[in-house]
Each structure stands twice: as C-alpha cells, then as structure tokens.
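Structure first, then comments.
The values are calculated or read from the model by the stated rules, or taken from the named source; none is laboratory data. Since the model is a prediction, treat every value here as computed from it, not as a measurement. With ideal geometry, Cβ positions are generated from the backbone for all residues, glycine too; neighbour counts draw on all protein chains shown. SASA here: full protein model, heavy atoms, side chains in, ligands and nucleic acids out. Shrake-Rupley method; radii C 1.70, N 1.55, O 1.52, S 1.80 Å.
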Amino acid sequence: MKKLLAIGLALAMLLTLISVLASCGSTSTPDGPKETKPETEKEADSVKETEADPGQATETDKPQESATEKPTKTKAEKIPTFDIVKLGNATITIDGTIEGAFKQGAPLICGVGTCKQWTADNTEEAGKGGGFLGDATVAENLTDEDFCDAFYFAYDNDYLYIAEERIDSTPNYTASDPRKPYSGDGSLIWFINNGEMVGGIQWNAAVLGSNAGDNRSETPVLGWFTDNSKQDASEIKNWEAKFVTDGSKRTMEAKIPLADMGVTAKDVGSGKFAFTFCTVDIVNSYEGDLPNMWSGVGYQLQYPGVGQWARSYRGRSVDFVPSFDIVKLSIGSAINLDGDVDEVYEAGQPLFCGVEQCKYWTANNTPEKAVNGGIVGDASLAETYTNDDFAEYFYFAYDDNNLYICEYRVDGTPNYTANHYNQPYAGDGSLIWFVNNGTLVGGIQWNAAVMGDNAGEYYSETAVFGWFNKNDQPDAVVKDWESQRQQFPDHYCLEVKIPLTDIGITAADIDAGKIGFTFCTVDIVNHYDGVTSNLWNGIGYQLQYPGVNSWANAYRGNVVTEPEKDYLADATAVLKDAFLSKAKYNTGNAVAPEAVLSTPVNLSQATGVKVTVKFDSEFDLTTLTGNGQFELSSGGKCDHSETHWDFINTLKGATLDENLTTVLDFAFSAGRADGNTNGEAANFAAINYIRAYYVGQDAGAEKVGFAITDIEFYK
C-alpha cells in the first residue's frame, strides 16, 4: 500500500567559477581524503542501513521560528534529515530572505563542530566523504556558533529553489575574481538523481562589486558543471539569484529551472533526488599562490556523499499547504468502491496533512494559522508524534454525477469505541467541508467506529455519514451513501460515492475550479465517555486544515483528467471469445446465436463496429431471404436496453471478395432502440449481451453456410 506519504540562480558574466571550490569533492584535494568506494555490494548495503531514517524526527526536523534565527545546531553522532518542500499554491520570491515556504521543511545543515567530530571520531559519516578538511588549527576554537551552513530546498513543477543560510564569524569578501581558488568564502552543491550525479552549482560570497572595501554584490555568479572531474569547465548560468549579507550572517536564494538540470518535478517528489555539499570558510586573506592553499588560510566542511554519490542523503518531500487534485474520470472509467486507493485516484495528488505540519502552523504565526489551520486540543498527547504516527490523505475524483472521496488514515492510536457516528469526540473521526467559490455549501462527517461490533470494538465495513448545510454538525442528516472501508495493519482506508445533487454542486462547478475543500480530523488517544467537562484534556486532539470557518481561504483543488485508457482492445477480445464460435449460419435457416457476459465490457470509446462475414461457397447475396439483426445490450438479454442494426438487409447489399468475405460497418449513431421492452438504448459503457440472429424464409433453397468470423470496434 502506498503512502503518501511529500526544492533555485542569476547573472552571466564570468567563466569558470569552480576553481573557487576546486578541491571540494575532488580526488586531488590537498589534505583531503581520497575518494573511496565500497569494496563489495555487502559493504554498500551495510552503509545504507546506517543512514538516518528520513521518517524519524530529529532535532533539525523542527522548523525554524524565524528567518533571522541561526541554523539549528546538529548532533555530531547523527546525520540530520532534511526536506524538499513541494510548494503547491505557494510561491517564493527571490529576494535573499528565507521565507516561510522554505522553513516549512527541515534544512540540510552542518556546522564546524559536527564535521570536526566526524573526522576525529572516524565515524560512518567521515567514511562516506563527510568531514572537516583544511587547516584544523585555524578552526581549533570554532564551534557551530562560529560557522554553520544550512541549505533549504523547495520545488514546483518547473523550478528548484535553494536558500543558503550561513553563519560565519569570519566572513571573507576580499576576492576580486570568483574564479580565483579559495580567495574568499564559497559553497558548492551537488545534485544526485537516483544515485547518479547529474551536476552541481558553485558560487563565491565575493562577486562583482565593491562595498565598503569588500568585493561583493547582491547578485551572485553561479557556475554549473556536469563532470565532477572537470569542474573548471563550469558553465556560467543566468539563473535568478540574490545574496544578502548582515554581519556574520549571509543568505542566498536561487531559482533553477529543473529542465536545465535534466530532472523533473516527479524525480524530486518521488524521493529519487539527493544532495550533498561542501562549503569553504576562508579565515585569512589568501593571495592564491601559496604552496599549501589551506595552511593558515582556512578550511571547508564537507557533507557525506561527496565523491560517493550513491551514499548521499535523499531529502523527503513535504508539502507546504499542499496543493491537491480532483481527478476527472475519463470516458468509460469507473471507481470500484472496495475500501482501498483505486489507481484512478493516483492520477492526482491527495489533500494531505500530518501532525508535524499542524504543530508547526500552531507554533508559528504562519499564514496558515491565520486561516485557522493547526493542532487543536491537547497538544501534549501529540508532543512526540510525527507524520508516521498520525496523518491523513484525502483523494478526490468525480464524474458527471458523483463525487468520490477516499480517506487514507495513518493512526498509531486507533480508537473505535464510539457506538454512534454523531457522539461528539467519542472516537476517531473526520469532517470535510465543501466550499463553492468561497462560500460554504455544507460538509460531511463520519466516525471511524460505526454500526457494528468487531472484537469488542464498534467497527463496520460500511460507514454512516452525516451531511449538514451549515456549520452546525449536531444537526447533520444521515446519508445512506455507498461506501466501503478496510482496516489494514498500519492504516485504514474509506471510500464513499456521493451524488453531486445531494450536496448541491455540479460537475461544471468542479470543472471551473470553483470547488475547494478543508477538513479536520480527530485523534482520540484515550477513551472518552462524552460527559467530561473538558473533552480534549488527556483525551485527544484534532488536526485542522486552513480554511475552517474562513471559507474563502480554503484551498481549491486542481482539476486533472485521468489519462484515458484504451478499453476497446480488452472489450473486443472478450466479445470475440464469447460470441464468434457461436455465430454460424445456413441460408434459409433460423439461427439466433447469443452470448451473455457475467462482467460487462466498456465500449464507450467506440463509435462503431465492423463485422466480418465469410461464406463457405459462392453465393449471390441479393438472393438472400429473411431478416435479422446485430444487437448489443446492457440489459443482459435481447430487447432490453438494446441497440440494434439491420444485419441481413445490410448483408444483402454487400459484395463478397475473392475470399468470399465481406465487412459490414455498423455506426453506433445509426443504431436503433425501437421495440425494446423498457424503451432504452444500450449503455455502451456496460455491454453484457451480444446477438446476431437470422431468420431465413426460403427453407427449400440450397443451403450455403456462412459465419461471422470477426468483430472489431473502432473509435
């Protein structure tokens, strides 16, 4: 089962920026470790097993409270996890300030103290290319408070965004040329896609300009290379980027077209994308001609994975007020309500929220909190929880008549003790509000425990739903909507099919992008009897998505159309197999071969059918007597929800070729439904009956055999 479980640079003027960082990651770096590779696959596997689990929260997983705060210090014994924030509806302005969208995720972060300890202790990280390089005496008394670099990543469909937040007690902007090796502070980031390096960018803190005796500019020069052994072949890129310096703090933002790096948003979001970096701290001015470029001059921090790309750490994709999709079903498509995530839903992104996002919204005065998103209730119960303990994914799909919702809930403390869906907070449950063009039209609510007793718990495969037309849940009207639920070891899943007419919206409303959703979802950790004066204290909490009671701020889903599938090949194969062996005739006889299908086939993509007829011997078709029809039905029998064509008269007007064969073309638009018992034509999306009958009128005539040898439906 899948979870869903969810990352930028300007000014072209100079040539090779890389010599600034030429030794960073190079196998010939002075005083640096030589590149090593795993001796065996077993060694590589053992390394992988020791990597930080990206699902585990660490000290650095906690979002920063403000853009002016120093990067969080890391623990030397643990590699911090980091996030790549999917922007969705949010945007990032490249102005040199690290805004809320970046800080929704944890940064890739490393300080001088951390690297020194990796190197001194010969830790796993040092063995993977990470550590402290250069003149250790220069940094002997320095800690993370003196030098620490944090990189934030975000992405959308077209761009990768990078923000660097650097704390440096000895900033050096004396370089007059960013191509001059180690003449000033600088950084380099490598990009790894599925274990393979796709390239890297590098920049120097001192670029193009003079400011109070320092050579620096608000616009950095960025070099891009794809061959790590030839960094001096860097290509200057005209990406949008900006530096801001303030005492010991420097920030840099950049916006990189994904196409320029040869990767896609799907690569980034799927967990394939990884990063590693080195960052140089030049403590004393360097003229560029010393025999040992480090001695007395500076050092660099190198993160694990440099030169050993498969060992670099992959960021986990997280959503910043996640965008989500409403999947429009393609013609002929259908959702099977079985209490699991149908592949149709996966054509779009779900509406997602986890306990980590809500805790962040609550702790920080974010725009999301301002529109009522956050954690509500007894937050102490969720103090140590991450998204792996409690998170919700809501998938949406629709057709002309129905809205489909699939809830995928991860809950480490499931509570099914409620005996009625409408007993307030008696058990886990969810509520979704529907917003049409900024106005609340209603909502549905349900409890995870409904109508049934399963091993002492109230639980049923069929949910009970309450619908309310205003935000007054106790007055909810029970709706008998078709639904199905399944309980899995680590989550439960619920699906419901809602007639659009029941909730007062139309498919056209959804098509036009008017429909938004918001929700809250309750996690009852301890049993609640419904009479406690404080229904949250010691009992539970709820995650609340932005837009609750502030309907105009609810996020609207992006309408995406499910990729159309080719149903005709499968449908044709089924009908051929069921019917052709029976479709044999003799002139002058009465024959009515038919086939009834237990499972309907979908012919909605077809506009007609070609029927091949072959005779056993020469025959003058104009002398054919009698009548007959070619019929398709969705009613399981003839003359019921049937569309038919004149089989025999069409055959009489045809001509046999040298193989005694002719092909009849029946356009669906020319089919008729007259004479049907219920007066309805066939539903071509659900055909379950086929027949081609013939009633000959000249019983004494010479008998000539013929048969339908092929049927082919076409678009």
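Along each principal axis, taking the top coordinate minus the bottom one, the Cα set of the stretch 502-636 gives 91, 37, 24 Å in descending order.
In the context of the full protein assembly, Asp400 retains an accessible surface of approximately 120 Å², using a probe radius of 1.4 Å and ignoring ligands and nucleic acids.
Cα centroid distance between the stretch 238-277 and the stretch 671-694, in Å? Here the two parts' Cα centres lie 60 Å apart. For the set Lys272/Lys497; Lys328/Lys497; Lys584/Lys610; Lys103/Lys255, the pairs lying more than 26 angstrom apart at their alpha carbons are Lys272/Lys497.
The Cβ shell under 12 Å around Thr612 holds other residues with a net charge of -1, Lys and Arg each +1, Asp and Glu each -1. Got the relative contact order for the stretch 345-411 handy, in percent, Cα pairs under 8 Å and 6 or more residues apart? Computed over the stretch 345-411, the figure is 36 percent.
Surface composition of the stretch 620-684: carbon plus sulfur atoms contribute 45% of the solvent-accessible area (1.4 Å probe, protein chains only, all chains present). For Ser330, the residues whose modelled amide H falls within less than 5 Å of its own, excluding neighbours fewer than 5 places apart on the same chain, are Glu562.
Each Cα pair under 8 Å and six or more residues apart adds its sequence gap; the mean of these over the residue count of the stretch 89-132 is a relative contact order of 27 percent. The residues of the stretch 584-715 have, on average, 45 Å² of accessible surface per residue, using a 1.4 Å probe with all protein chains present.
When each of the peptides 587-593, 643-649 is scored by how many other beta carbons lie within 10 Å of its residues on average, the order from highest to lowest is 643-649, 587-593.
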